[in-house]
Amino acid sequence: MFLSVFEMFKIGIGPSSSHTMGPMVAAARFLDHLRGLPFGVAGLRASLHGSLAFTGVGHATDRAVILGLAGFTPDAYEADRAEAALATIHDTGRVDVPGLGQLQFAPKVDLIFDYGPPLSGHANGLRLMATDAQGDVIAQETYFSIGGGFVVSEAELASPPPATGRPVPYPFETAAQMLDMARASGKNIAAMKRANELTRMGPQALDDGLARLWQVMSGCIDRGLETDGILPGGLQVRRRAHAIHTALKAEQGMNLTAPHTINDWILVYAMAVNEENAAGGQVVTAPTNGAAGVVPATIRYWLDHVPAAAPSRVGEFLLTASAIGGLVKHNASISGAECGCQAEVGAAAAMAAAGLAAVLGGSPEQVENAAEIALEHHLGMTCDPVKGLVQVPCIERNGLGAIKAVSAASLALRGDGTHFMPLDNCIEAMRQTGADMSEKYKETALGGLAVNIPNC
């Protein structure tokens, strides 16, 4: 199994990696498919199923599909150009597709929210269709957005394509294998992950890419700390990171500041990211948009508040975190629609705890222990966004996830790495819990906090 650090951490846009980025990526794939057909098409249609239908408007899935069919991609998204394109498409009922020309696409008619049973295969399904001049469907593909911006076609889900690329030197698929390889090689987790990455790219490209990831993460924190106002979506949720950060800065150096105030710093960094995500800003999936604040907040806490922290080691943090995230994705899920928020914030906390333990000098065994502690204490967490928006409880939940990550790393470093519950077993427990969880608690906004809200 090889999942690149740049697959686990992807630069994109909010508010959701599975509901915004994934559908946009699927639309781009469908356009590529149409460009390879031996005949022309006249129009486009799309239908959203399962969680993409139930929480699609709150997660901007409709906008993502429309813009994806207009040629926009998450990594090259330009907000002003996107708004202009949306207005034109709604006014004209046509979309100007690069390489395919102008095609009929009236969103109110041609974009369907199907609230029936989800498509078999995954809770996040969408069908994209092309029509001829008479409106008959002449090409169709089904895609599933499986979390973290990853997209697979129906055919790929049924029969995954074989792995490509050179074999990696450390092909661990479980945490147990990872620890065995670390002992045998004498390398830490980040070094093994780096060696794997270097089979796909050169060292400078890897270092530049890691630096770019942290640049975007850090910039997202800064924007969130500087911006005030009401988040979009209709809940009238006010941004709080700016005010909290202002108060924390004013309190710095005061003798009356309580020791537990450090938790507020960790919280505010995570909340800043997730407020930016909720506003549709640029974020890095870590491993998803809904959980995008945990890893950056933990890194910023380490850099700004832990003595001897070195920015040059951020790459080591990210490589370690991505190794843990890859294990969770490979053996369970990072999709809230598939396994609940335990798969998103829980996975993010495990990744952050592992990264922090690594840069604080932890052994591979202590790093694995940190990840297990963080994930264990998110088991059973549902995904129940109010009104389908990645705001309540998601913003605060990232802050608490970051605090748990720091605590898990600290606890693991107090021991020697031996512990009762292996990370592999904890990941399997998360998978089983997600499989048994009622669908209404998995990103449909049909249960939990999403339906227990004030009436006024």
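The values are calculated or read from the model by the stated rules, or taken from the named source; none is laboratory data. Worth saying up front: this structure is predicted, and the values here are computed from it rather than measured. No Cβ is skipped: glycine too gets one built from the backbone with ideal geometry, and neighbour counts run over all protein chains shown.
Things to note:
- Scope segment 418-456; condition surrounded by 17 or more Cβ atoms within 10 Å (Cβ to Cβ) and in contact with a Leu (Cβ under 9 Å, 6 or more places away or on another chain); matching residues: Leu423, Asp424, Cys426, Ile427, Ala429, Met430, Thr433, Ala445
- Note on segment 179-190: residues that are touching a residue at least 40 places away in the same chain (Cβ under 8 Å) and farther than 15 Å from Gly417 by Cβ total 1.
- Among residues of segment 42-60, those that are more than 24 Å from Glu439 (Cα to Cα) and buried (at least 21 other Cβ atoms within 10 Å of the Cβ), counted: 2
- Screening the candidates Ala337, Ala278, Ala323 for the property of being farther than 21 Å from Asp208 by Cα, in contact (Cβ under 8 Å) with a residue 60 or more places away in the chain and in contact with a Lys or Arg (Cβ under 7 Å, 6 or more places away or on another chain) yields one hit, Ala337.
- Subset tally (residues that are outside any helix (DSSP H, G or I) and either touching a residue at least 40 places away in the same chain (Cβ under 8 Å) or within 18 Å of Met178 (Cβ to Cβ) (or both)) for segment 414-450: 14
Residues checked against (1) part of a loop (DSSP other than H, G, I, E, B); (2) closer than 29 Å to Asp75 by Cα; (3) out of contact with any Leu (no Cβ under 6 Å at 6 or more places or on another chain); (4) free of Cβ contacts under 8 Å to residues at least 60 places away in the same chain:
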| position | (1), (2), (3), (4) |
| --- | --- |
| Ile138 | no, no, yes, no |
| Ala163 | yes, yes, yes, no |
| Val168 | yes, yes, yes, no |
| Gln177 | no, no, yes, yes |
| Lys193 | no, yes, no, no |
| Gln204 | no, yes, yes, yes |
| Ala211 | no, yes, yes, no |
| Gly224 | no, yes, yes, yes |
| Gln236 | yes, yes, yes, yes |
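- Some residue of segment 61-84 being surrounded by fewer than 19 Cβ atoms within 10 Å (Cβ to Cβ), over 28 Å from Phe9 (Cα atoms) and either hydroxyl-bearing (Ser, Thr, Tyr) or outside the structural domain of Val216 (by TED's automatic domain parsing) (or both): yes
- The number of residues in segment 308-338 being closer than 12 Å to Gly148 by Cβ and of a type in the set (S, T, N, Q) comes to 3.
- Hey, Asp180 within 25 Å of the chain's Cα centre (by Cα), assigned by TED's automatic domain parsing to the domain that holds Gly280 and surrounded by fewer than 19 Cβ atoms within 10 Å (Cβ to Cβ) or not: no
- On the stretch given as segment 89-131, residues that are aromatic (Phe, Trp, Tyr) and closer than 19 Å to Met21 by Cα total 1.
- For segment 203-222, the criterion of a residue being surrounded by 15 or more Cβ atoms within 10 Å (Cβ to Cβ) and over 23 Å from the mean Cα position of the chain (by Cα) is satisfied by no position.
- Single match in Gly147, Gly125 (criterion: over 28 Å from His90 (Cα atoms) and either in contact with a Lys or Arg (Cβ under 7 Å, 6 or more places away or on another chain) or crowded, with 18+ Cβ neighbours inside 10 Å (or both)): Gly147
- Qualifying positions in segment 85-112 - out of contact with any helix residue (DSSP H, G or I) (no Cβ under 7 Å at 6 or more places or on another chain), surrounded by 12 or more Cβ atoms within 10 Å (Cβ to Cβ) and hydrophobic (A, V, I, L, M, F, W, C): Leu103, Ala106, Ile112
- Where a residue in segment 306-318 is farther than 22 Å from Ser407 by Cβ and in contact (Cβ under 8 Å) with a residue 12 or more places away in the chain and its partner, wherever it lies, is acidic (Asp, Glu) and part of a helix (DSSP H, G or I), with Cβ under 7 Å and at least six apart: Gly315/Asp207
- Scanning segment 95-144 for residues that are within 15 Å of Phe30 (Cα to Cα), under 25 Å from the mean Cα position of the chain (by Cα) and either small (Gly, Ala, Ser) or modelled with pLDDT under 95 (or both) yields a single hit, Gly125.
- Of the residues making up segment 374-397, none is crowded, with 18+ Cβ neighbours inside 10 Å, modelled with pLDDT under 95 and among the basic types (Lys, Arg).
- Test result for Val283, touching a Gly at 6+ places or on another chain (Cβ under 6 Å), of a type in the set (A, V, I, L, M) and touching a residue at least 24 places away in the same chain (Cβ under 8 Å): yes
- Qualifying residue in segment 347-354 (condition: touching a residue at least 60 places away in the same chain (Cβ under 8 Å) and in contact with an Asp or Glu (Cβ under 7 Å, 6 or more places away or on another chain)): no
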